[in-house]
Amino acid sequence: MTQPVSPPLDSSTDKVPPAGPPAWRGLLIRADVRTLSLLGVLAVLILIGGITKPDEFLDTRNLQLVLTQASVIGVVTVGMTFVIVSGGIDLSVGAIVALASVWATTVATQEYGFAGILFTAIVVGVGCGLVNGVLIAYGAMVPFIATLAMLASARGLALQITDGKTQIVTVPSVLDLGERDAYVLGIPPLVMVFAVVTVIGWLVLNRTTFGRRTVAVGGNPEAARLAGIDVRRQRLYLYLLSGLCCGIAAFLLIVLAGSGQNTNGNLYELDAIAAAIIGGTLLTGGRGTITGSVLGVLIFTTITNIFALNNLQSDVQQIAKGAIIVAAVLVQRRTASTT
C-alpha cells in the first residue's frame with residue numbers, strides 16, 4: 001500500500017520573518033540622538049551668549065574661563081556618573097572637595113610643596129570615598145543616608161581645620177599652573193586634566209570589564225550577583241573612584257582659587273547630579289554616558305557664564321538649574337515608558 005504523499009509546503013506562508021535590528025543598535029541610535037540634542041542645546045546657548053554679550057562672551061579669555069570652571073565640576077561629574085550608573089548616589093562630593101582642599105592647603109602640608117598638596121588632596125578624597133563605600137557596600141546603609149552623613153561630617157571637619165578662615169597657597173609651582181604662561185596652545189592645564197579624566201572615564205565605562213560590571217550592578221544587582229559579580233566589592237570600588245575624582249577636583253580648585261576654604265565645593269553635588277541626568281544617566285541606574293555628562297557640565301557652566309555676564313542674580317541661576325533637572329527627569333520617564 002502506498003503511503004499518502006504530504007502536500008508541498010506553501011513557501012509563501014512558511015517563510016521565516018526577517019529578524020529585526022539588534023537591540024544594541026536601538027540603544028546606540030538613542031544615545032546618538034541624546035548627544036546630538038545636547039550639542040544642539042549647547043549651540044543655542046553659545047548663540048544666545050553671542051547675541052546678548054558678543055564682545056564679552058566670545059572673547060578668548062572668557063571661553064577659556066568657561067572651560068576652566070567646567071573642569072573642576074566636570075571631574076567630579078565623571079565620578080558621579082559611575083556611581084549613578086551603578087544605582088547609587090553620592091551627596092557628599094562637594095563636602096569632600098572642601099575637606100580635601102583645606103587639608104591640602106594647611107601650613108604643614110604646604111611645607112612639602114607641590115607633591116605634598118597633590119598627594120594630600122587625593123588621599124583625603126580617596127579616604128572619604130573608602131568610608132562611603134564601606135558603609136554602603138558592607139554596612140548595608142542606604143547611599144542617600146551614608147553620603148548625607150559624610151556631607152555633614154566633611155563640612156564640619158573642614159570648618160574645624162580652617163576655623164572659618166581662608167588658607168592662602170604660597171607654593172609657586174602650584175600657583176603657576178593657573179597663570180596664562182602655563183597654557184599649552186591656548187589651553188589651560190586644568191582643562192587638559194579634565195580632558196584626560198574624561199577620556200579615561202569613557203574608556204573604563206565603555207571598554208572594560210569594570211564598566212560592564214558597573215552597568216550590570218545598576219541594572220539588576222541580583223542578576224549581577226548570580227552572574228558571579230561581587231556586587232559589594234564593585235560598589236566599594238565605585239565610591240573609591242568618586243572620592244578619587246573629588247580629590248583631583250580639589251587640587252584643580254586649589255590651583256584655580258589659589259586658596260583653600262571650607263565653603264569650597266558648595267552645591268557641587270547638585271551640579272554633578274544635574275549634569276549626569278541631563279546627559280542621559282538614569283537615576284535608577286543601569287545606563288549612562290560620560291560624553292553626555294560632560295556635555296551636561298558644559299551646558300550648566302555656559303548658562304552660569306551667560307547669567308553672570310548679563311548681571312542676573314544667582315537665585316535666578318539656581319531656579320533655572322532646578323527647572324532643567326525637572327525637565328530632564330520628565331523626559332527620561334517619557335523615554336523609558338515608550339521603550
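The values are calculated or read from the model by the stated rules, or taken from the named source; none is laboratory data. This structure is a prediction, so every number in the text was calculated from the model and none was measured. A quick note on method: Cβ atoms are made from the backbone with ideal geometry, for glycine too, and the neighbour counts reach across all protein chains shown. The protein model used for the area step is the full one, side chains on, heavy atoms only, and it has no ligands, DNA or RNA in it. Shrake-Rupley method; radii C 1.70, N 1.55, O 1.52, S 1.80 Å.
List the number of the failed condition for ILE248; all other conditions in (1) of a type outside the set (Lys, Arg); (2) surrounded by 17 or more Cβ atoms within 10 Å (Cβ to Cβ); (3) over 24 Å from ALA149 (Cα atoms) hold.
Here ILE248 clears every test but (3).
What are the residue pairs meeting all of these: first residue in the range 164-191, first residue under 21 Å from TYR112 (Cα atoms), second residue open to solvent by 30 Å² or more (accessible area, probe 1.4 Å) and in a loop (DSSP other than H, G, I, E, B), Cβ atoms under 6 Å, and 6 or more apart or on different chains?
THR166/GLN261
For the range 53-77: of the residues being among the aliphatic types (A, V, I, L, M) and open to solvent by 10 Å² or more (accessible area, probe 1.4 Å), which is farthest from ARG287 (Cα to Cα)? Spell out how you get there, then give the answer.
Here is the first cut: in the range 53-77, the ones among the aliphatic types (A, V, I, L, M) are 58, 63, 65-67, 70, 72-73, 75-76.
So of that shortlist, the ones also open to solvent by 10 Å² or more (accessible area, probe 1.4 Å) come out as 58, 63, 65-67, 73.
Numbers: LEU58: 35, LEU63: 31, LEU65: 31, VAL66: 28, LEU67: 26, ILE73: 21 Å.
Filtering first and then ranking leaves LEU58.
Quick one: which of VAL124, VAL107, VAL97, VAL134 is farther than 21 Å from VAL215 by Cα, out of contact with any Ser or Thr (no Cβ under 7 Å at 6 or more places or on another chain) and surrounded by fewer than 20 Cβ atoms within 10 Å (Cβ to Cβ)? It would help to see each step written out before you state the result.
Working: VAL124 fails: surrounded by fewer than 20 Cβ atoms within 10 Å (Cβ to Cβ); VAL97 fails: surrounded by fewer than 20 Cβ atoms within 10 Å (Cβ to Cβ); VAL134 fails: farther than 21 Å from VAL215 by Cα.
Among VAL124, VAL107, VAL97, VAL134, only VAL107 is farther than 21 Å from VAL215 by Cα, out of contact with any Ser or Thr (no Cβ under 7 Å at 6 or more places or on another chain) and surrounded by fewer than 20 Cβ atoms within 10 Å (Cβ to Cβ).
Quick check on ASP271: is it among the charged types (D, E, K, R) and more than 12 Å from the chain's Cα centre (by Cα)?
Numbers: among the charged types (D, E, K, R): yes; more than 12 Å from the chain's Cα centre (by Cα): no.
No; evaluated as a whole, the condition is false for this residue.
In the range 261-284, is there at least one residue being modelled with pLDDT of 90 or more, out of contact with any Asp or Glu (no Cβ under 8 Å at 6 or more places or on another chain) and at positive phi?
For the range 261-284, residues modelled with pLDDT of 90 or more, out of contact with any Asp or Glu (no Cβ under 8 Å at 6 or more places or on another chain) and at positive phi: present.
Which of the residues spanning the range 161-214 are exposed (fewer than 12 other Cβ atoms within 10 Å of the Cβ), part of a helix (DSSP H, G or I) and of a type outside the set (Val, Ile, Thr)?
PRO172, SER173, ARG180, ASP181, ARG207 - these are the residues of the range 161-214 that are exposed (fewer than 12 other Cβ atoms within 10 Å of the Cβ), part of a helix (DSSP H, G or I) and of a type outside the set (Val, Ile, Thr).
Mind checking which residues of the range 137-152 are open to solvent by 60 Å² or more (accessible area, probe 1.4 Å) and in contact (Cβ under 8 Å) with a residue 24 or more places away in the chain? Spell out the reasoning first.
Pass one, the range 137-152, residues open to solvent by 60 Å² or more (accessible area, probe 1.4 Å): 138, 140-142, 144-145, 148, 152.
Within the range 137-152, TYR138, PHE144, LEU148, ALA152 meet the criteria.
Pick from THR301, THR289: which is at pLDDT 90 or above and under 16 Å from LEU267 (Cβ atoms)? Can you show your working first?
Values: THR289 fails: under 16 Å from LEU267 (Cβ atoms).
Of the residues listed, the single one that is at pLDDT 90 or above and under 16 Å from LEU267 (Cβ atoms) is THR301.
Which condition number in (1) in contact with a helix residue (DSSP H, G or I) (Cβ under 8 Å, 6 or more places away or on another chain); (2) at pLDDT below 90 is the one that ALA323 fails?
If we test ALA323 against (1) in contact with a helix residue (DSSP H, G or I) (Cβ under 8 Å, 6 or more places away or on another chain); (2) at pLDDT below 90, just (1) comes out false.
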